[in-house]
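See below for the structure under consideration.
The values are calculated or read from the model by the stated rules, or taken from the named source; none is laboratory data. Source: prediction; values computed, not measured. For neighbour counting, all protein chains shown are included, and Cβ atoms are generated from backbone atoms with ideal geometry for every residue, glycine included.
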Amino acid sequence: MRLSINARTVIGAGWVLAVFLVLTGLALDRAFEDSALTSIQERLRGKLYLLIGETDVSESGQISLPKKSALTRINQPDSGLYAWIYSNNKLIWQSSSVISAQAHFTSNLSSGEEKFDLLNEPKGFAMGYGIEWQTAEGRLPITFSLSEDTTLFVNQINNYRKTLWGWLGGMAILLLIAQLTVLRWGLRPLRTVADELRQIEQGQQQQLSSHYPTELRGLTSNLNALLAHERAQQQRYRHALADLAHSLKTPLAVLQGAIDDPDTVREQSERIQQSIDYQLQRAATAGRSGLNSPILLRPIIETLSRALRKVYADKQVQFKLDIPNNLTVRADEGDLTEMFGNLLDNASKWCKQNIEYHARTVDDNIEINIIDDGPGIPENKIEHILVRGMRADEAVAGQGIGLAVVKEIVEAYEGKLDLRNQIDGGLLIKITLPNNSL
């Protein structure tokens, strides 16, 4: 069964609250019952001392009590409070409240010994206390006994339980209402996220707002990054298709008029293939996304360098890598391989022998410099090569398409690409990428 977070929390909180209140109620009930028993014991002890104080013993050992005791209840038949006096384990006196010959509590207690019992049949509490009375004939052992039925105790416990569980039930309702209120308030940001996502689906807004609690900011930021990434990807697809359609018009028109010219057909077919490759690469660029994993940069450059040494073995190209071993970028590995593969391939193609590769972190950016000792690029061609949406037939041979692809990838990651000629010869390609976006 699939339950919402709200339902899960309400059920869980309800169970916790119910268990807590039940255990609390049982603990309070037990504590009150123990306290009531202690109170009964103390009350019976006090009455027992009063009965002892009313007792008089003659020198011959005759026990006498006043006709009307200060304990008024023992003067009333079947009042619930009963008294007996024993000597040598024999009943020698009982109160007027006792209407049955059967005694509730019979015991022969030594001097100073006290005993408190809970009677089962009939239900009641009994307390006895033993003393020795000095008479002319010697010491007289006397046991005083009081018994009280459980009516008052049971009524007291029942009244307490009604009050206790009534209050606990009321508190449970109030606490549930409070929990539901707090829960609704606490989960409001999640409902807001769901509402904003529905509005995004309906095209009423572009991204999630930034007014969210700290716990949700990572989620909403990643969702916004994902949404921005998807919009950028769609935009690249549209641009790539539009540019591809535009770049194919001229070679197709030439092909229609040169069907009988094999050289022209081959040349235009190559131009079409270059345009298709270039635009597909633009469309496939992953671009910036908060979901990209950190990737070590040095292993990618080392792998490409080893491959290019074999491709340009006749030049014996020497690569100088100045890249920290722990430098990482958050990007798609395929994008990095394509970008640096084009840059290093161009540098290997046009260099004399040496290529330097420097990478470092500067403030909030990653700066990457690729320097070769080749002839460089004519100044009037640099801006032309890096124009956005450059078509294949307008690119400089051997550089145009590759650099245009690199420019598209760098822009997809919100970076900058800069080309400049070195004073002492060679080309410097500088790439600046936001460190927090990669």
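Points to keep in mind about this one:
- Any chance Asn369 is among the polar types (S, T, N, Q) and under 14 Å from Arg298 (Cα atoms): yes
- Once segment 187-241 is narrowed to residues that are polar (S, T, N, Q) and closer than 19 Å to Glu411 by Cβ, the residue that is nearest to the chain's Cα centre (by Cα) is Gln233.
- Enumeration of residues in segment 308-340 that are assigned to a helix (DSSP H, G or I) and either surrounded by 19 or more Cβ atoms within 10 Å (Cβ to Cβ) or touching an Asp or Glu at 6+ places or on another chain (Cβ under 9 Å) (or both): Leu308, Val311, Asp335, Leu336, Glu338, Met339, Phe340
- Asn158 falls short on exactly one of the conditions (1) of a type outside the set (Ser, Thr, Tyr); (2) buried (at least 17 other Cβ atoms within 10 Å of the Cβ); (3) under 54 Å from the mean Cα position of the chain (by Cα), and that condition is (2).
- Selection status of Leu118, in the same structural domain as Thr150 (by TED's automatic domain parsing) and at pLDDT below 85: yes
- Top-ranked residue of segment 121-153 - restricted to ones that are assigned to a strand (DSSP E or B) and surrounded by fewer than 15 Cβ atoms within 10 Å (Cβ to Cβ), ranked as modelled with the highest pLDDT: Glu132
- Residues in segment 402-419 that are free of Cβ contacts under 8 Å to residues at least 24 places away in the same chain and assigned to a helix (DSSP H, G or I): Lys407, Glu411.
- Residues located in segment 50-79, provided they are in contact with a helix residue (DSSP H, G or I) (Cβ under 7 Å, 6 or more places away or on another chain) and exposed (fewer than 15 other Cβ atoms within 10 Å of the Cβ): Pro66, Lys68, Ala70
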